[in-house]
Each structure stands twice: as structure tokens, then as C-alpha cells.
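Enquirer: Have a look at this one before I ask anything.
The values are calculated or read from the model by the stated rules, or taken from the named source; none is laboratory data. The structure presented is a predicted model; accordingly, all values stated were derived computationally and were not measured. Backbone-built Cβ (ideal geometry, glycine too); neighbour counts: all protein chains shown.
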Amino acid sequence: MLNFRNTNILFIGLLGLIIWQHITEGVSWWSYPVLIFVYSLILFYGCYYIGSNFFMRVMCSLKTNKKIIAITFDDGPDAVATPQILDILKQYNTPAAFFCIGNRIQGNEAIVKQIHEQGHIIGNHSFSHHFWFDLFSAVKMQDDLLQANQLVRQTINLSPLLFRPPYGVINPNLKKAILRSRAIPIGWSVRSMDTVISDPEKLLKKITRRLNPGAIFLFHDTGAATILVLPLFIEQAKAKGYEIVRLDKMLNLQAYV
């Protein structure tokens, strides 16, 4: 399995081989930038493809033959969109997981309480969701995660264990922060792209054709497209025999401490 450790071992070995051949056989110096370029591509893949498990295991789906799926939302709470999504979920008796950004909880505590009281779970999506979050030190990342957890605890008296990395990026620093925080990293197997695709029909087609047992769907409780598509998606999923279960129950995880 391709991961950070065995990739480093492989490329250190290849570097040693190139140096030896350079000394003994005069191999072109171009071998060095080519090796570095290939190594960088693999690191990029490992960081930006959350399902790669390159740095650490991230739960992105469940291996099962049962027709069950989980729905998750990122980037809320949003004062306008989140209550509408909660109304839809209540209407269809459908559970979900909301990965909240800490700095958006402030001023929206009543919505967070509503999420919890309606039987959904709340996960950590960092406090800042900063554009440069991936460049933070491990200590700064850990502080960011803990700050978000503290706000959730102040609101519902529970601290989330489930964590979804901002932008879905994992790197060595974030791995350290996750382990130190004792968080459980959660990814997805179906990215709806609901922040990019504004055409509800196109969005619905994209996500329904990805229905498969154990899938974790990523939506965002921040925009109109999601609100329009969500009822139709739930109806189509159920019509195809799928049961939508809460994320922690599907993955058999503890959601809070």
C-alpha cells in the first residue's frame, strides 16, 4: 500500500542509486529533478486525495453489501441555509452529520442546539477553516481543533470526536494534530460539488449515479442548490432501496466525549 513511510523509503533508495550511478557511470544530473518531481506528485496526491490514506487512515466509506448510506454537511452553521436543511431532514425523517466551522458557531448557537436536538450529530471542521490552514504548524492546528471543540461543548455540553479536515487535505502536521487531539478523521466517498454546480438537475444526476452501499455523501449547508436537491436526492435514494443512517451509527463510531 502506498503511504508516506514506504514512499520515503523507496525514494531514498532511488536517490542513493542515482548518486551511485552518477559517481560510477556519469548519469545525467536531470535524474535528480525528475526524481524530485515524481516524489512531489505522489505527496500532492497523498495530501489532496482524502481517500488515499497516505498519511493516516481516514474513514471515507463503509465496506458493506447493505444498502445504507450517510449524509454529511460541511461549512455551517449558516443562519439561512442550515434551518431550511434541518426542516427537510425532519420532513423526511433523515439523520445527518454536520461538520461545523467553529467561528460560524458564534452567533448561531441556537442552530447548533437545533441540530443536536433533532438527533443529528455535530463534527469538528476546524475553528478557522483558514485558507492557509494546511500550512499551519501542528501545534497551531491542534489549538484550532480544540477551539472548535470548546465552542461545541459550550453549546451542547458535548465535545465532538469526529473531525473533517478543511478542504479535505491531510499532511504530516495535521496528522500530529489529529492524533494529539484524539480525533477521528472522516472523509467522504461522494463529493457532491454542490458549491460549484448550481443547476439542480445536473447536481442530482451527479450524486444519484454514485449511490452505492456504504457511501458517505458530502454536501454543504450553505447554499440554495443543496436545499433544492436534497429532498429529491432523499426520495430517489429511498426509492432505490437505500436507508440513510447516521454517520456514527453506520461506521460504528463514538461521536462525542
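To keep it simple, each residue is scored yes or no on (1) over 30 Å from T64 (Cβ atoms); (2) of a type in the set (D, E).
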{"residue": "Q142", "(1), (2)": "yes, no"}
{"residue": "Q147", "(1), (2)": "yes, no"}
{"residue": "I186", "(1), (2)": "no, no"}
{"residue": "D199", "(1), (2)": "yes, yes"}
{"residue": "L204", "(1), (2)": "no, no"}
{"residue": "R209", "(1), (2)": "no, no"}
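Enquirer: Of a type in the set (V, I, T) and closer than 21 Å to Y49 by Cβ: which single residue out of V139, V112, V169, V152 fits that description?
Expert: Answer to the check: V169.
Enquirer: Mind checking which residues of segment 196-219 are farther than 17 Å from I50 by Cα, touching a Ser or Thr at 6+ places or on another chain (Cβ under 9 Å) and not in a loop (DSSP other than H, G, I, E, B)?
Expert: Scanning segment 196-219 gives L203, K206, I207.
Enquirer: Does N149 fit the bill of being within 17 Å of the chain's Cα centre (by Cα), under 21 Å from G46 (Cβ atoms) and part of a helix (DSSP H, G or I)?
Expert: no
Enquirer: Sticking with this one: What are the pairs with Cβ atoms under 9 angstrom where one residue, in segment 12-25, is more than 18 Å from S40 (Cα to Cα) and the other, located anywhere, is exposed (fewer than 11 other Cβ atoms within 10 Å of the Cβ)? Sequence gap at least six, or different chains.
Expert: Taking only residues 6 or more apart or on different chains, the pairs are H22/S28; H22/W29.
Enquirer: Of all residues in segment 53-77, which are closer than 25 Å to S128 by Cα and either in contact with a helix residue (DSSP H, G or I) (Cβ under 8 Å, 6 or more places away or on another chain) or of a type in the set (A, V, I, L, M, F, W, C) (or both)?
Expert: F54, F55, M56, V58, M59, C60, I71, T72, F73, D75, G76, P77
Enquirer: Moving on to the next point. Please determine, by comparing only the residues of segment 223-240 that are assigned to a helix (DSSP H, G or I) and small (G, A, S), which one is farthest from R191 (Cα to Cα).
Expert: By that ranking, first place goes to A239.
Enquirer: Still on this model: Which numbered condition in (1) crowded, with 22+ Cβ neighbours inside 10 Å; (2) of a type in the set (K, R); (3) not in a helix (DSSP H, G or I) is the only one that R104 fails?
Expert: It fails just one condition, (3).
Enquirer: Oh, and also: Name the residue, out of T72, T24, T64, that is β-branched (V, I, T) and assigned to a loop (DSSP other than H, G, I, E, B). Lay out the reasoning, then the answer.
Expert: Working: T72 fails: assigned to a loop (DSSP other than H, G, I, E, B); T24 fails: assigned to a loop (DSSP other than H, G, I, E, B).
Within the list T72, T24, T64, the selection yields T64.
Enquirer: When residues of segment 96-119 are filtered for being touching a strand residue (DSSP E or B) at 6+ places or on another chain (Cβ under 7 Å) and in contact (Cβ under 8 Å) with a residue 40 or more places away in the chain, how many remain?
Expert: Quick first cut of segment 96-119, residues touching a strand residue (DSSP E or B) at 6+ places or on another chain (Cβ under 7 Å) only: 96-100, 112, 115-116.
Subset that is in contact (Cβ under 8 Å) with a residue 40 or more places away in the chain: 96-100, 112, 116.
The qualifying residues number 7.
Enquirer: Only one residue in L62, L17 is among the hydrophobic types (A, V, I, L, M, F, W, C) and surrounded by fewer than 19 Cβ atoms within 10 Å (Cβ to Cβ), so which one is that? Let's see the steps before the verdict.
Expert: Values: L62 fails: surrounded by fewer than 19 Cβ atoms within 10 Å (Cβ to Cβ).
After applying the criteria, what remains is L17.
Enquirer: What's the number of the only condition in (1) modelled with pLDDT under 95; (2) in contact with a strand residue (DSSP E or B) (Cβ under 7 Å, 6 or more places away or on another chain) that F163 fails to meet?
Expert: All conditions pass for F163, except number (1).
Enquirer: Mind telling me which of the residues V257, V245, V229, V169 ends up being outside the structural domain of H120 (by TED's automatic domain parsing) and among the β-branched types (V, I, T)?
Expert: Going through V257, V245, V229, V169 in turn, just one is outside the structural domain of H120 (by TED's automatic domain parsing) and among the β-branched types (V, I, T): V257.
Enquirer: Continuing with this model, one more query. Could you list, ordered by first residue, the pairs with Cβ atoms under 6 Å in which the first is in segment 204-216 and assigned by TED's automatic domain parsing to the domain that holds E235 and free of Cβ contacts under 8 Å to residues at least 60 places away in the same chain and the second is in a loop (DSSP other than H, G, I, E, B) and crowded, with 17+ Cβ neighbours inside 10 Å, at least 6 apart or interchain?
Expert: I207/S192
Enquirer: Here's a follow-up. Can you find, within segment 42-59, the residue that is surrounded by the most Cβ atoms within 10 Å (Cβ to Cβ) among those that are farther than 18 Å from M250 by Cα and among the β-branched types (V, I, T)? Talk me through it step by step, then tell me what you get.
Expert: Step one: filter segment 42-59 for residues farther than 18 Å from M250 by Cα, giving 42-50, 52-56.
With the extra rule that they be among the β-branched types (V, I, T), the set shrinks to 42, 50.
Working: I42: 16, I50: 23.
Checked segment 42-59; the qualifying residue surrounded by the most Cβ atoms within 10 Å (Cβ to Cβ) is I50.
Enquirer: Also, quick follow-up: List, please: which pairs have Cβ atoms under 9 Å, are six or more places apart or on different chains, and start with a residue in segment 74-90 that is free of Cβ contacts under 8 Å to residues at least 12 places away in the same chain and end with one that is surrounded by fewer than 16 Cβ atoms within 10 Å (Cβ to Cβ)?
Expert: Listed pairs, sorted by first residue: none to list.
Enquirer: Give the number of residues within segment 131-146 that are at pLDDT below 95 and outside any helix (DSSP H, G or I).
Expert: Selection size over segment 131-146: 2.
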